[in-house]
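Quick note: the coordinates plus some simple rules give every number you see, no bench work behind them. Please read all numbers here as calculations on a predicted model, not as lab measurements. Neighbour counts are summed over all protein chains in view; Cβ atoms, including those assigned to glycine, are modelled from backbone coordinates with ideal geometry.
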Amino acid sequence: MNIFNKFPLVIATSLSLTLSSAIQADELVLSAQQQLTEDILRQLIEFESTEEHPEQTRAALEAMAERLLGAGIPESDVVIVNPEPDLYGLVARMRGIQEQQPLLTMAHIDVVTASPDAWAFPPFTFGKKDGYYFGRGTQDNKAGVAHLVANFMRLQQEKFVPNRDLIMMLTGDEETAGRVADWLATEGRELINAEFALNTDAGGGEYDKDFKPRAFNVQTSEKVYQTYLLTSNNPGGHSSIPRPENAIIQLAQALVRIGEYQFPVRISDNTRLMFARSATLESGQTAADMAEMGTGNYSTAAAERLAQDPYINAIMRTTCVPTELTGGHAENALPRVATATINCRIVPGIEPANVRAKLEELVNDPAIQFTSVYDAKPSPASVMPAALQETLERLVDESWPGIPVIPEMSTGATDGLFMRNAGIPVFGVAGWFMRSSDIRAHGLDEKIGIAEFHAGTEFWYRVLTTLSKP
Ligand SMILES: [Zn+2]
């Protein structure tokens, strides 16, 4: 999950219908529905579903399958997939009357490894303190799994008949290879084929400094990941008799040229709308510059002022940055080899081949070899159907009145990449709010506000029922 939002966030409270203060939340009596959702989250946290423990990932998926079957979803509609050894996923389907194409919902059950010594709470034990649930995966992305599983169970028990099939896809390797999503998007396509997908693993709510909801982000695109290796070779020799060609110096000069270059600003329709709506939340020069970007007719000066913020810079243009450097083999020898890794994050819609060509032009040195370490997998920006946009804006306004819905480009990737690549538009709508100091995905003492978590369950109930109302 990529949750690094553009602006400072502070905690928000929640749906007005739930709790007024996160601080009191762990003392409150939960409704039966909230208790069930908490139990699902607790059960999920206690599986150590990391890359090192595929059997735990499988067990977590089986536990979710058992709950769905227990709620009455037929066995033929709850499928555990295993496209490769040790890689698992789950697809569940609630059958509808098929007036519309199916709606796909997404979450992942795997988590990043956590070392218990550094945590205040053991990472794979469910903790509850000061208005938060603690545990690895509370943010990324087991809350999303719990939201989907609890709502599918509820809808099944309410005998809700949607006007389209509702599909839930839980993957077991989002944090690593993403092979399960890749397989489902291609070979397993009939299991998950849908008009569009809603992803619990991106987007979501943002708070202002007064702990009030400020904006609701919907992830519509992700930057494309590509890594290159630059290798500078030289015959070497004794360092007491240097020659003009030196592998380290040649590589360093190439890196300086790459470092001094800025890719052009590229503003998609989604990014333009993001600026237009974000302008209303800002003040002074920043508000004026964002409003100007939002018109699509902007000056270089406005773009470059905004680009002083590294996050905004990253969503406005392709970036390529050196991330690793090695070279030489002895203190008193001329280096025979020097290498540098260049990691690029490409704006959707830009050809990766053009980015590579630009880098090669900047390097401009036949002594430096250029190889691809990780090939780009294209992930075109998703265009939101008007009806979906209208529905989401209305539901957000009903739950958190007055805040804007803002399209978001992630600077990293999720499983949504594979769906977009396969032609299924994806919209990231994590249904909960948090403050910037609470961003703990992949980090220590990961936690989610209790009030926010339960508001998220209710938000997803409304999303699912509204988008499939007969
Ligand atoms: Zn995630």
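Details
- Theoretical ellipticity at 222 nm over the chain - DSSP helices of four or more residues, -39500 (n - 2.57) apiece, nearest 500: -10500 deg cm²/dmol
- Tensor-based shape of the chain (alpha-carbon gyration tensor, a/c under 1.5 rounded, otherwise prolate or oblate): prolate
- Residue-count net charge about residue 86 - beta-carbon cut-off 13 Å; Lys, Arg +1, Asp, Glu -1: -4
- For the chain, the residue among 156, 291, 63 whose Cα projects farthest onto the positive side of the dipole built from Cβ charges is 291.
- Using C-alpha pairs under 8 Å with a sequence gap of at least 6, the mean separation divided by the residue count of the chain gives a relative contact order of 27 percent.
- Ordering of 118-124, 299-305 by packing [mean C-beta count within 10 Å, highest first]: 118-124, 299-305
- Arranged from fewest to most other beta-carbon atoms within 10 Å of their beta carbon, 409, 94, 106 become 409, 94, 106.
- As a length-normalised measure over Cα pairs under 8 Å and 6 or more apart, the relative contact order of the stretch 168-269 settles at 11 percent.
- Taking amide H as placed 1.01 Å from N in the peptide plane, residue 327 has its amide H under 5 Å from the amide H of 339, each at least 5 places away in sequence or on another chain.
- Under 26 Å from residue 358, Cα to Cα: lysines that are on another chain or at least 8 residues apart: 223, 377
- Share, in percent, of DSSP beta bridges within the chain that are antiparallel, nearest 5: 70
- Going from the residue with the fewest nearby Cβ atoms within 10 Å to the one with the most, 99, 38, 446, 398 rank 99, 398, 38, 446.
- The stretch 289-367 and the stretch 143-217: distance between their alpha carbon centers, rounded to Å: 33
- P(r) tail fraction, the stretch 354-470 - alpha-carbon pairs more than 16 Å apart, %: 74
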